[in-house]
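In what follows, a structure is listed as structure tokens, so that the remarks can point back to it.
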Amino acid sequence: MSVLVVLEQSNGAFHRMGWEAIVAAKEFGLPVSVATIGPAGDAASKDVAKVYAIEHADLAAYSADGYTSALEQLIRATNPEYVVFPHTYQVRDFAPKLATRFGKVFISDVVKLTKTTAVRQLFQGKLNADYALPASGPRFLSIQAGAFRGDQLGAGTPAVEPFAVQISGIRVKAEAPFRESSRAVDLTAADIIVSVGRGIKEQENIAMVEELAAALGGEIAASRPICDNGWLPMERQVGSSGQTVAPKVYIAVGISGAIQHQVGMKGSKCIVAINKDADAPIFEVADYGIVGDLFDVVPALTEAVKKLKG
Amino acid sequence: MKIVVALKQVPSRDSALRVPPGESWIDESDLTYEINEPDAYALEAGLQLKEQHGGEVVVVCAGPEGAASSIREALAKGADRAVHIEDDTLHQADSLGLGTLLAAAIRAEAPDLVLTGLQSDDLGSGQTGVVVAELLGLPSATIIMAVEVLDGAIRVKRELEDGWFQHVTLPLPAVLTIQSGINKLRYATLMGIKKAKTKELRAVSADDLGGLPAAQVACEKVYLPGRGKQTQLLEGDAKTAATALADKLKFEVRVI
């Protein structure tokens with residue numbers, strides 16, 4: 001009886017969410033082994049039972065076909081009760097395929113675990129749902145970013161076992177990853193961020209939020225739909241597909257706080273939410289909140305800030 | 001090119017969700033519904049590919065009777081015909097069970113390309129497209145921001161994390177999950193709405209498709225999440241609340 005956690009790495013650097021997935025996997029009370037695709041690297045110094053290092057020339061570049069095939073072979077050989085992934089974009093690309101190959105359900109984006117239950121968020125984080133885990137293994141789950149504390153993972157000296165795989169039939173050809181904008185704006189360096197979401201309704205209303213940011217001496221940022229609409233450049237997007245920020249204060253204006261946005265800002269020291277919907281998920285992580293019409297609140301706040309600054 | 005777009009009907013984004021005391025699911029009686037937003041982008045991507053390369057766009061939707069309104073909307077926007085997997089028990093299905101039904105319906109269409117949204121706004125499992133691809137034995141790529149048709153293949157732009165992208169090439173037939181914002185959504189025209197009434201909307205049952213597999217994973221209950229933090233709400237009219245907030249920012253958070 002064991003748990004297998006599949007770590008993610010690129011160019012030898014492990015994704016921090018992998019450590020969080022190990023901490024989550026320990027909830028099952030079984031020995032936790034990890035799989036690395038590529039060298040064991042930092043995984044070899046963590047508090048886990050064993051590291052299976054899968055190395056193969058055809059796995060050097062990620063492909064859903066290659067990763068699925070390699071992990072299928074490891075899982076068939078080691079028979080884990082649970083297979084736990086970090087809920088990264090890459091995992092979303094292949095883990096449902098892997099679980100389906102075993103005729104199993106993939107329980108994605110889990111925020112809380114017990115031995116028999118997984119908690120997921122529904123309706124963009126507005127509701128939580130308890131799911132009874134399947135009666136038999138392997139049970140496939142992925143863990144939401146930030147749901148568990150990666151820094152709680154201790155040091156160890158696990159055995160590192162190379163695991164040989166046969167890879168064939170990779171159908172998808174990948175080119176080198178690239179970045180579109182030069183990242184002229186580094187939001188991670190800002191102490192104060194005023195971020196705007198769907199609630200702003202029209203492009204011309206963005207100016208109101210820019211005035212607040214200027215009054216505070218902060219940067220303006222946005223949730224994804226604003227950047228999709230081209231109302232602010234992509235480089236100002238906060239969230240899983242944008243930047244991850246942790247300023248002294250993050251003011252969310254008209255942002256409901258969907259999971260994908262929260263993972264990019266919930267580490268902020270202080271979070272302020274201004275939203276007309278008192279049930280918006282953003283209030284779950286807010287230190288201060290104003291439930292009200294942003295078109296009244298934002299200009300009033302800009303005035304109040306200017307007054308305090310004299 | 002024959003394109004299948006799998007779309008789902010979900011409660012409207014601004015719906016107030018209530019879980020009645022003692023109940024294990026939301027009260028659906030006064031909800032309004034819409035096409036799941038990422039699926040609307042998948043539909044638009046399909047319509048644009050058809051306009052550029054010819055062919056047919058077939059909508060496949062699994063849902064209760066009421067989902068027909070979203071299917072009609074898709075037909076009004078320009079889809080050629082639709083298959084409605086009509087079943088009132090789908091809310092009990094898990095992602096593999098639903099994927100199995102969709103895969104059976106899509107297999108019968110033998111499309112060149114299958115498009116769907118990257119996730120649903122209600123359950124948010126983010127895996128239907130990939131499950132369907134595996135069941136159909138097709139290659140897939142997820143979180144797609146652009147599609148370019150080559151000879152017998154497609155080259156797509158995948159979104160990675162943290163502002164990174166990657167181009168990948170897949171042989172056809174293939175399955176793609178589409179990211180919101182890939183294109184500009186069109187509105188149905190009056191002519192389109194009129195035409196939609198004459199387009200084929202074929203209802204099939206789960207049994208027609210081999211039956212809905214028993215769920216492996218059961219949702220036991222839904223509930224409002226507990227607050228991770230104690231939020232201090234600033235009350236009063238806009239001016240009072242804003243003044244109180246500015247004071248907090250100056251004297252407690254110390255950023256002014």
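None of the figures in this text is laboratory data; all of them are computed from the coordinates on show. Just so you know, these numbers come straight off a predicted model, no measurement behind them. Every residue, glycine among them, receives a Cβ derived from its backbone with ideal geometry; neighbour counts consider all protein chains shown.
Computed from phi, the 3J(HN,Hα) profile of the stretch A:109-121 under the Karplus parametrisation 6.51, -1.76, 1.60 (θ = phi - 60°) reads 6, 7, 10, 7, 9, 10, 5, 10, 10, 10, 9, 10, 9 Hz, with x in place of Gly and Pro. The amide H of B:A146, built 1.01 Å from its N in the peptide plane, has B:K157 as neighbours under 5 Å, considering only residues 5 or more places off or on other chains.
Each label was represented as a point 7 Å from its Cα along the Cα-to-Cβ direction; for B:S24 and B:K221 these points are 1.0 nm apart.
A simple spin-label model places the labels of A:E202 and B:Q230 4.2 nm from each other, with each point 7 Å out along Cα-to-Cβ. With the simple spin-label model, which puts each label point 7 Å out from Cα in the Cβ direction, the A:D293 to B:A203 separation comes to 4.4 nm.
For B:K197, the lysines whose Cα falls under 30 Å of its own Cα, not counting residues fewer than eight places away in the same chain, are B:K2, B:K8, B:K50, B:K77, B:K184. Between A:A60 and A:A13, full extension at 0.36 nm per residue minus the direct alpha carbon distance yields a gain of 15.6 nm. Along the Cα-to-Cβ line of B:R81, 7 Å from the Cα, sits a label point; which residues in the stretch B:28-68 have backbone N less than 13 Å from it? The answer is B:56-60, whose backbone nitrogens lie closer than 13 Å to the label point. Put simply, the amide H of A:G137, placed in the peptide plane, has no neighbours under 5 Å, leaving out anything fewer than 5 places away on its chain.
Can you give the FRET efficiency to the nearest 0.05 for A:V160 and A:T116, using r as the Cβ-Cβ distance and R₀ = 30 Å? For A:V160 and A:T116, the calculated efficiency is 0.40.
Annotation: amide H of B:L160 within the under-5 Å range of B:F165, B:Q166, sequence separation 5 or more or interchain, hydrogens built in the peptide plane.
I want to make sure I understand the PRE zone here: with the label point 7 angstrom from the Cα of B:H91 toward its beta carbon, which residues in the stretch B:1-32 have backbone N atoms less than 17 Å away? Hits in the stretch B:1-32 for B:H91 at 17 Å: B:8-13, B:15-32. What the phi angles of the stretch A:164-173 give under the Karplus curve with 6.51, -1.76 and 1.60, with θ = phi - 60°, is a coupling list of 7, 10, 9, 10, 8, x, 6, 9, 9, 9 Hz, glycine and proline written as x. Derived scalar couplings between HN and Hα for the stretch A:275-284 equal 7, 7, 9, 5, 8, 4, x, 4, 5, 5 Hz in order, rounded to whole Hz, by the Karplus curve 6.51 cos²θ - 1.76 cosθ + 1.60 (θ = phi - 60°), x for Gly and Pro. Under conditions of 4 °C and 1.567 mPa s, the protein assembly as shown yields 53 µm² s⁻¹ as its translational diffusion coefficient, taking Rh as the Kirkwood radius over Cα pairs in the Stokes-Einstein equation. Using Cβ point charges alone (K and R +1, D and E -1), the dipole size of chain B about the Cα centre works out to roughly 780 debye.
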